[in-house]
Ligand code: AMP
């Protein structure tokens, strides 16, 4: 595995199909699953590790975000990464006066709770696309709105890159793997799977009852999570093409949530129909 720290050193690759997996490091099985899929589908797997300062708000966890290079390097190599791009902050974030802003799909949810977050994500992912020039890029659907934003960006800016959005890897008790899970105290960790249970409960109620609206179930789930100690930033049923609320349930309908347990912010999402049938909808 080649480790590249400077943009100028990034190798030009022609003739090979390159797959890119952007990450912020503190790698876990969710990241590694993306790298392994890239390995199956591409000739060259590139991954990036960059804790992107542009996507953190002033009171967020940028400085305490977990970082462990040597562990990450070993895990990435084990998952089949050929080129690992890990630039210093000032290599990617210079005196940048250009920002990629995706409108519409960023209006609500993470975009509303974390102003500027998706500008930071889209700007850095656009730069990674230009540096690495992959044919395919891989992202996790746990961060569903991020997928919607990047899909729109790639479409609007004519990036000739296929985006692949992959399923969420979970702990055996259902908690979605996340680098931020390391912040949870033992008692918070024990409560954390309730977030996924709440989403599954809403999806299950919908499928059991057929065409009824999910609104009442959503309100009940927010109250239930509140009783268990979560501060829910949002929990909603959305059409992931628009990232707007919906009452209709079809293949595009997802339940999305973000909630804080103590000082840890967890996010999760499930596709309503897929979560009940086990069938993967694309
Ligand atoms: P991050 O390092 O949190 O920026 O995540 C890097 C990529 O890994 C993003 O595309 C995430 O959506 C994806 N990812 C994070 N957690 C998971 C998970 N539990 N399962 C699948 N993909 C994930």
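Readers should treat all values here as calculations from the given coordinates under stated rules, not as data from a laboratory. As the structure is a computational prediction, the values presented were derived from the model and not from experiment. As a convention, Cβ positions derive from the backbone with ideal geometry for all residues, glycine included, and neighbour counts pool all protein chains shown.
The long axis of helix 215-227 is offset from the longest Cα principal axis of the chain by roughly 80 degrees. What is the calculated FRET efficiency for residue 185 to residue 61, with r their C-beta to C-beta distance and R₀ = 25 Å, to the nearest 0.05? It comes out at approximately 0.95. Once the Cα atoms of helix 29-41 and of the chain are each reduced to a long axis, what angle between those two axes, in degrees from 0 to 90 to the nearest 10, is obtained? Rounded to the nearest ten degrees, it is 60.
Provide the packing ranking of 34-47, 5-18, 250-263, i.e. peptides ordered by the mean count of other C-beta atoms within 10 Å per residue, highest first. Each step should come with its number before you reach the end.
Numbers: 34-47: 21.1, 5-18: 11.5, 250-263: 19.1.
Those peptides, ordered most packed to least, come out 34-47, 250-263, 5-18.
Of 113, 136, 125, the residue with the greatest mean-square motion in the GNM of the chain, using alpha carbon springs below 10 Å, is 113. Fewest-first ordering of 117, 28 by other beta carbons within 10 Å of each residue's beta carbon gives 28, 117. Rounded to the nearest 10 degrees, the inclination of helix 69-78 to the longest alpha-carbon principal axis of the chain is 90 degrees. What separates the Cα centres of region 1-78 and region 240-260 is a distance of 28 Å.
Starting from the eigenvalues of the Cα gyration tensor, five times each then square-rooted, give me the equivalent ellipsoid semi-axes of the chain, largest first, whole Å. Working shown, then result.
Values: eigenvalues 199, 83, 69 Å².
Gyration-tensor ellipsoid for the chain: 32, 20, 19 Å.
Computed with the Debye formula from one identical point scatterer per Cα of region 44-143, without solvent, the log10 of I(q)/I(0) at q = 0.13, 0.20, 0.24 Å⁻¹ comes to -0.54, -1.25, -1.50.
Entry note: region 155-280 has Rg to Rh equal to 0.99, where both radii use alpha-carbon atoms and Rh is the Kirkwood radius.
Maximal additional length on extending the residue 228-residue 94 stretch stands at 43.9 nm, based on 0.36 nm per residue less the C-alpha distance.
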